[in-house]
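Everything on this sheet refers to the single structure shown next.
The values are calculated or read from the model by the stated rules, or taken from the named source; none is laboratory data. As the structure is a computational prediction, the values presented were derived from the model and not from experiment. Glycine also receives a Cβ, built like all others from the backbone with ideal geometry; neighbour counts cover every protein chain displayed. Each accessible area value is taken on the protein alone, full model and side chains, heavy atoms only, with ligands, DNA and RNA left out. Shrake-Rupley method; radii C 1.70, N 1.55, O 1.52, S 1.80 Å.
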Amino acid sequence: MGAVLHLVAVVVALVGLVAALAHDGYLAMLGSAARKRAGGSPIAQYVRSRYVLAGVTTGVALLALLLTAGGGFADVLAIIAGGGTGVISYQALQATRQKYRSGGGELTS
């Protein structure tokens, strides 16, 4: 039973870390594109305001991954931290993508 709990904790922590890193990467890409564009300062300012959330979620995801090295109680904490980080990061990524979505195959006649 302990091995299964540990495996679940590692997988959840890794998925949470991937979601946090995806959010970080998307913000970095969006910020870079905004800085290169004329009139992109509002987007760059929005991205800078989101870096705190991205940094915190990445830190908690790394902590969750470190917690998987502990015993059973640490694995439970890693599942909670990794799952929460994954959900928050995914929702933040989707909110940012929705806010700045462009084009996407819409045809106008």
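So the values come out like this:
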{"read-out": "Solvent-accessible area of Y100 with every protein chain in place, 1.4 Å probe, in Å² to the nearest 10", "value": "60 Å²"}
{"read-out": "Extended-chain gain in nm, criterion 0.36 nm per residue less alpha-carbon gap, V76 and V18", "value": "19.0 nm"}
{"read-out": "Label corresponding to Cα extents along the principal axes in Å when calculated from the structure given, among [x] 45, 39, 22; [y] 60, 32, 15; [z] 38, 38, 27", "value": "[y]"}
{"read-out": "Residue of V76, V15, V52 that the Gaussian network model of the chain assigns the largest fluctuation, springs spanning Cα pairs under 10 Å", "value": "V52"}
{"read-out": "Accessible heavy-atom area order of S89, S32, S49, highest first, probe of 1.4 Å", "value": "S49, S32, S89"}
{"read-out": "Calculated from backbone phi, Karplus (6.51, -1.76, 1.60) coupling profile of segment 63-74 in Hz, x at Gly/Pro", "value": "4, 4, 5, 5, 5, 5, 7, x, x, x, 5, 5"}
{"read-out": "Folded to 0 to 90 degrees: helix 2-36 orientation relative to the chain principal axis, Cα", "value": "20 degrees"}
{"read-out": "Given charges at beta-carbon only (K, R positive; D, E negative), |dipole| of the chain in Debye", "value": "600 debye"}
{"read-out": "Linear extension gain, L5 paired with A69, 0.36 nm per residue minus alpha-carbon span", "value": "21.8 nm"}
{"read-out": "Rounded percent of accessible protein surface that carbon and sulfur make up, segment 1-71, 1.4 Å probe", "value": "75 percent"}
{"read-out": "Charge tally in the Cβ shell below 12 Å around G31, where Lys, Arg are +1 and Asp, Glu are -1, G31 excluded", "value": "+4"}
{"read-out": "Counted charge near S41, where neighbours are those whose Cβ lies closer than 12 Å (Asp, Glu -1; Lys, Arg +1)", "value": "+4"}
{"read-out": "Low-density loop positions, trypsin sites (Lys or Arg not before Pro), segment 1-61 - DSSP coil, at most 11 other Cβ in 10 Å", "value": "R37"}
{"read-out": "Order of exposure, largest accessible area first, which applies to L30, L7 with probe 1.4 Å", "value": "L7, L30"}
{"read-out": "Options G31, G71, V4, ranked by Cα towards positive dipole end of the chain, top entry (Cβ charges)", "value": "G31"}
